[in-house]
1. Can you sort I130, I62 so the residue with the fewest Cβ neighbours within 10 Å comes first?
2. Taking amide hydrogens as modeled 1.01 Å from N in the peptide plane, which residues meet the under 5 Å criterion relative to T66, leaving out close sequence neighbours?
3. Could you go through region 66-79 in sequence order and give the Karplus-derived ³J(HN,Hα) for each residue, using 6.51 cos²θ - 1.76 cosθ + 1.60 with θ = phi - 60°, rounded to whole Hz, and x for Gly and Pro?
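What follows draws every value from the coordinates through simple rules; no lab data is involved. In this text, all values refer to a predicted model and were calculated from it rather than measured experimentally. Please note: Cβ atoms are built from the backbone with ideal geometry, for glycine as well, and neighbour counts cover all protein chains shown.
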Amino acid sequence: MLKGFKDFILRGNVIDLAVAVVIGTAFTAIVTAVVNSIITPLVSLFFKADATGQFGPQLPSIYGDTVTFPIGDLISAIISFLSVALVVYFVFVLPMNTFKAHVEARKGTPAEEPQEEPAAATEAELLVEIRDLLARNPRG
């Protein structure tokens, strides 16, 4: 049981996951600051904020007041997600895939394509081959 745990820890998956969580958390703070200081004011240029500070399209409700659809928050969340995903891909995933391909190339086996087996002959092709062999046989 301890050997399996040791193999799991030494495989690197746990360390990679820990690094990704720490870096992701730190980068999320940066993305949030950029969105709050740049993107949110840009969106607010096009939409007027309501009394609660939310901005987006405002429509009258059936009770006479206005309802704000806070698309600014949605846009901010989408930009935050795409920014984090982009950085995680280019900082972690792409270099790791390149490294794995390089290691596989040094081993002599291709990293991307598995070896393909030749296609098996069909029954008709085998029968034709047998007929031709029997026709060439002088004892026939």
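1. In increasing order of surrounding Cβ atoms, one gets I62, I130.
2. HN-HN under 5 Å from T66: S61.
3. Computed from phi, the couplings for region 66-79 are 9, 10, 9, 8, x, 6, x, 5, 5, 4, 4, 5, 5, 5 Hz.
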